[in-house]
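Here is the structure we will look at, set down as structure tokens.
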Amino acid sequence: MQQRRFGSGLHDVSIIGQGTWKIDESNRAAAVAALRRGIDDGMTHIDTAEMYGDAELVIADAMKGQRRDALFLVSKVLPQNASRTGVIAACERSLARLGTDYLDCYLLHWRGRHPLAATIEGFEDLVRAGRIRSWGVSNFDVADLDEALAIAGPGRIACNQVLYHLRERSIEHAVLPWCEHNGVAVVAYTPFGPGAFPAANTPGGRLLAEIATAHDATARQVALAWLARRSFVIPKASSAAHAAQNAGAGDLDLSDDAVKRIDEAFPRGAKPRGLPML
């Protein structure tokens, strides 16, 4: 599994990680097995959120017997809980559910009514207390990122977690370049699209299948590897076999020709008025 420096921080993180949105809605034993297989295969970057129901409890089960310092664990605070004191209380609840003493990164899930400065103050309080090692944001457009940078200063925003898949490339217009310029990691959520992965009988699907055959991979692994060139990617898996397939993308190096053909087959489109999100 390839790793890369996470933003301007000190951590090298697996380029393919594990998302957990709605993981609590599937069979509990299968979900735990999927997370454990993912960890065994190098997907040590695990993403969750207080909004994700019992996902943090599922992760706690999966982490039993694992070396905590080998994992990169991320959770997110809901915007309604993102006052300075609210951030701290929400983080403590997540830590208790996860059964750990610290988070590697803690994110604001999206902008809400609380001033961003207050949220960042809460994050920095948690860093000083050793309860989180870094903090970041999610679903932030360039104007939001500019504001966060002006408040926190350079080198403090670890990442921006955003919607990014082959059919949704809006971040490439401005958000992705901004993050690359400012040393902020981009984390791609819903990397296969919301139930919209290219079907095998479509031109895009046939292209992915052709490239997959040439690289001894699957179409979904090709899609993940294409995204992972410029972002960290957090697909969800519902079974151990599915997790193993996702992990296989972490060592897949696409040829320049394959990258170019995918780029042409799935054009990024016009710049949207606002940042798409789920």
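Normalised size of region 88-154, defined as Cα radius of gyration per 2.2 N^0.38 Å with N residues, equals 1.11. Multiplying the residue separation of Asp263 and Ala150 by 0.36 nm and subtracting their alpha-carbon distance yields 37.3 nm. Within the shell defined by Cβ-Cβ distances under 11 Å, the residues around Ala247 carry a net charge of -2, with Lys and Arg each +1 and Asp and Glu each -1. Which residue, chosen from His242, Ile46, Leu275, occupies the Cα position most advanced towards the positive end of the dipole of the chain, where the dipole is computed from +1 (Lys, Arg) and -1 (Asp, Glu) charges on Cβ about the Cα centre? Ranked along the dipole, the leading option is Leu275.
Among the listed pairs Lys76/Lys236; Lys22/Lys76; Lys22/Lys64; Lys236/Lys271, a Cα-Cα separation exceeding 23 Å is found for Lys236/Lys271.
Take each peptide in 174-182, 223-231, count the other Cβ atoms within 10 Å of every residue, and average; sorted highest first, the result is 223-231, 174-182.
Put +1 on the Cβ of each Lys and Arg and -1 on the Cβ of each Asp and Glu in the chain; which of Gln221, Val127, Ala258 then has its Cα farthest toward the positive end of the dipole? Positive-most Cα among the choices belongs to Val127. Here the chain is assigned +1 on the Cβ of each Lys and Arg and -1 on the Cβ of each Asp and Glu. Its dipole about the Cα centre then comes out at about 300 debye. Between Val187 and Asn160, Gln161, Val162, Phe232, the built amide H atoms are under 5 Å apart, and every one of these is 5 or more places off in sequence or on another chain. For the chain, the calculated P(r) over all alpha carbon pairs, in 10 Å bins from 0 to the bin holding the longest distance, is 7, 30, 37, 21, 5, 0 percent. Rounded to the nearest 20 debye, the dipole size of region 154-278 about its Cα centre is 500 debye, using +1 on the Cβ of Lys and Arg and -1 on the Cβ of Asp and Glu. Of all DSSP beta bridges confined to the chain, the antiparallel ones make up roughly 15%. Of the residues Lys76, Lys271, the one with the fewest other Cβ atoms within 10 Å heads the list, and the complete ranking is Lys271, Lys76. Derived scalar couplings between HN and Hα for region 201-216 equal 8, 9, x, x, x, 5, 5, 4, 5, 5, 5, 4, 4, 5, 9, 6 Hz in order, rounded to whole Hz, by the Karplus curve 6.51 cos²θ - 1.76 cosθ + 1.60 (θ = phi - 60°), x for Gly and Pro.
Under 5 Å from the amide H of Phe197 lies no amide H of any residue 5 or more positions distant or on a separate chain, with H modelled from the backbone and absent for Pro and chain starts. With the simple model of a label 7 Å out from the Cα in the direction of the Cβ, His173 to Arg128 spans 4.0 nm.
We did not get these values from a lab; they are worked out from the coordinates using the rules stated. Worth saying up front: this structure is predicted, and the values here are computed from it rather than measured. As a convention, Cβ positions derive from the backbone with ideal geometry for all residues, glycine included, and neighbour counts pool all protein chains shown.
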